[in-house]
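The values are calculated or read from the model by the stated rules, or taken from the named source; none is laboratory data. Just so we're clear, the structure is a prediction, and the values are computed from it rather than from any experiment. In this analysis, Cβ positions are derived from the backbone assuming ideal geometry, glycine residues included, and neighbour counts consider all displayed protein chains. Just the protein is used for accessible areas: all its heavy atoms, side chains included, with ligands, DNA and RNA removed. Shrake-Rupley method; radii C 1.70, N 1.55, O 1.52, S 1.80 Å.
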Amino acid sequence: MPPPDTESRPAERRLFSEQLMMEMAQLLIRDQRLTRPKMEELNARRALTGGSFDRLLVKEGILPESEVLATLARVSGFPFRPVGEVKIQPEAVIRVPARVALRYQIMPLTITGGTITLATSEVPTLAVADSLRMLLNLAVDWVLCTRDDITKSIKHFYGLGADTIDTLVEASGPAELEVSGTDVSDTSADAGIVKFVNQILAEAIDMGATDVHIEPFENALRVRYRIDGLLQVIPVPPSVARLSKSIASCIKIMAELNIAEKRKPHDGRIKIRNGNDEFDLRVSILPTPFGETTDLRILNRKTMFIDLEHLGLASTQMMPIRYLSSLPHGVILLTGPTGSGKTTTLYALLNSISTEEVKIITVEDPIEYQMTGISQIQVNAPIGLTFASILRSILRHNPDIILVGEIRDMETADIAVRSSLTGHLVFSTLHTNDAPSAITRLADMEVEPYLIASCLEGVIAQRLVRKICASCGEPVTVDETILAEMAEAHPDRKQDIPFLKGRGCPHCNFTGYRGRMALFEIMVMNDQLRDMVVHKRPSNEIRHQAIADGLITLRKDGWSRVLDGITTVEEVIRVARKVELPPSKAPLP
């Protein structure tokens, strides 16, 4: 079947030509967005470099790409639209091979009848248009989009490494990421594997991932990124599955681990540089029936060391936080599941109170980052260097503040509590669902109730919720039951803006969310709560009393963020359960 005739293209739409570029330049001059001398200078430079006039405008920083494309749309007749506004049809993606999309830097959007709509970041030439028409055997309609939109869309729909998978067995150029300690390109048998692994890491960093999971199965290799707290499958070409063993070996070489041992778990670290930023990767490798599965935790110094003011605390929450961190002694606990941001909050607290007049010692497993002016000790259980043994020794150094990475057992809990009674301010973490449950957890570790009541000054529970993508947020309706709950939680607040939810676009990897923020539940101990602890009242009664005393629960804090238009109802429901209040408060014995 012959390809559709060229004449089927709308007459008002014009392909790339010198005349089209000059008309765009004249239009910019008329709109006073470009001067004639600057146009002549760019034309002279274009003649020397061979570049196009529109790309020079963007490269030189004279105009943003969106404005250049909008002007091109006016003179060419091709519409200019963000990819996020279009629902991309899988049928269209299937019709365009990955090699073609990557070579021409196009993204298929929709297909209707015998016409396919392609997104491009520049007006195509006649040769490009005819080549694609012949390759696809379809009439082609065009939409102008930014280059960033197209690049992200290609990676999302065609898979990571689609541009390198065909050449993985060939020699590749220098690695994109600089790895400290070992030159992998010299020690690995296949430089193409190194390039693919580097691309996985570079893309993870670019997307803001905190973890990379590379999981081999019988006939497939799955790559997942943990972005904003949730795992997202990253498409990779199916043929990568046969290279899973080589990928695991490459990572083990980068982490300076024993590549010959495939029967035992491995733990290591990798330091990499991406541009001007340095990252630490914590590597964990486990044996499975189909090969070694790899987890890489990405630690970014810039995101770990933030000021207390940048944690996202409301003004009503900042006051108790500052009060607790200014106490001379006592225990302050941070609770929440793994990955809820406890370490970041702890570092922010320590950073706010670290001065030359204060001695701070931390006991961590592992040490996430080195902090200037603070003595940090790494736990090493195989040689007997545990939390408990280190705590006994550091008390002889007379520190003012002690940070215990995590209270895991009875011995550590007892020493931490008794350290606070001898005049030390102790920060630590626990794994509990909310702030009041920390008291029950300490009691489960056989810490005496009178010790808990004496030393515990406050508990901070936190969760991370994803923020609505600023590029694709759109109004949505909210269930009446949720609206009633919000009104009950915040009777003094009105809905100032529409409730929003992200539609999904290249900027948020089509999830509708970009970035995270913390929800906090801060319980400051008072005489009545201490009395309840001594009398061994259950955690639900302690929780109800704390709420009566003004505790803002995680869910209530979440509703305030929804009303601010920062996150969605679904996110709050996902991380914070509803607290059922009793019909009447139970009296103390």
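A few notes on this one:
- Rg and Dmax [Cα atoms of region 230-285; Å; Rg one decimal, Dmax integer]: 13.4, 37
- Two-decimal ratio, region 1-154, of alpha-carbon radius of gyration to 2.2 N^0.38 Å: 1.07
- Fraction of accessible area attributable to carbon and sulfur, the chain (%, probe 1.4 Å): 51 percent
- Taking the DSSP beta bridges with both ends in the chain, the antiparallel portion is around 65 percent.
- Along region 425-439 the Karplus relation, 6.51 cos²θ - 1.76 cosθ + 1.60 evaluated at θ = phi - 60°, assigns HN-Hα couplings of 8, 10, 9, 7, 10, 9, 9, 9, 7, 8, 5, x, 5, 4, 5 Hz to successive residues, with x for each Gly and Pro.
- Among the listed pairs LYS38/LYS152; LYS342/LYS467; LYS342/LYS578; LYS59/LYS87; LYS38/LYS59, a Cα-Cα separation exceeding 25 Å is found for LYS38/LYS152; LYS59/LYS87.
- In terms of Cα atoms, the Rg and Dmax of region 312-374 work out to 12.5, 34 Å.
- Stokes-Einstein diffusion for region 428-550 at 25 °C, viscosity 0.890 mPa s, with a Kirkwood radius from C-alpha pairs, works out to 141 µm²/s.
- Entry for Cα Rg over 2.2 N^0.38 Å (calculated from the structure that is shown) out of [x] 1.03; [y] 1.10; [z] 1.17: [z]
- On Cα atoms only, tilt of 126-136 relative to the major axis of the chain in degrees: 70 degrees
- Dividing the helix sum by the residues of the chain, where each DSSP H run of 4 or more adds -39500 (n - 2.57), gives a mean residue ellipticity at 222 nm of -11000 deg cm²/dmol.
- Against the chain, whose longest principal axis is taken from its Cα atoms, helix 315-325 shows a tilt of about 50°.
- Gyration tensor (Cα) of region 264-377, equivalent ellipsoid semi-axes in angstrom: 32, 16, 15
- Left without a cysteine partner by the 4.7 Å Cβ rule in the chain: CYS145, CYS250, CYS455.
- Region 494-579 - Kirkwood radius from inverse mean 1/r over Cα pairs (Å): 15.1 Å
- Nearest-ten-degree value, helix 410-421 long axis tilted from longest Cα axis of the chain: 70 degrees
- Taking amide H as placed 1.01 Å from N in the peptide plane, THR335 has its amide H under 5 Å from the amide H of LEU430, ILE460, ALA461, GLN462, each at least 5 places away in sequence or on another chain.
- Phi angles of region 552-562 translate, via the Karplus equation with coefficients 6.51, -1.76, 1.60 and θ = phi - 60°, into HN-Hα couplings of 8, 6, 4, 5, 5, 4, x, 5, 5, 6, 5 Hz per residue; Gly and Pro are given as x.
- Accessible area per residue for the chain, computed on protein heavy atoms with a 1.4 Å probe, is 48 Å².
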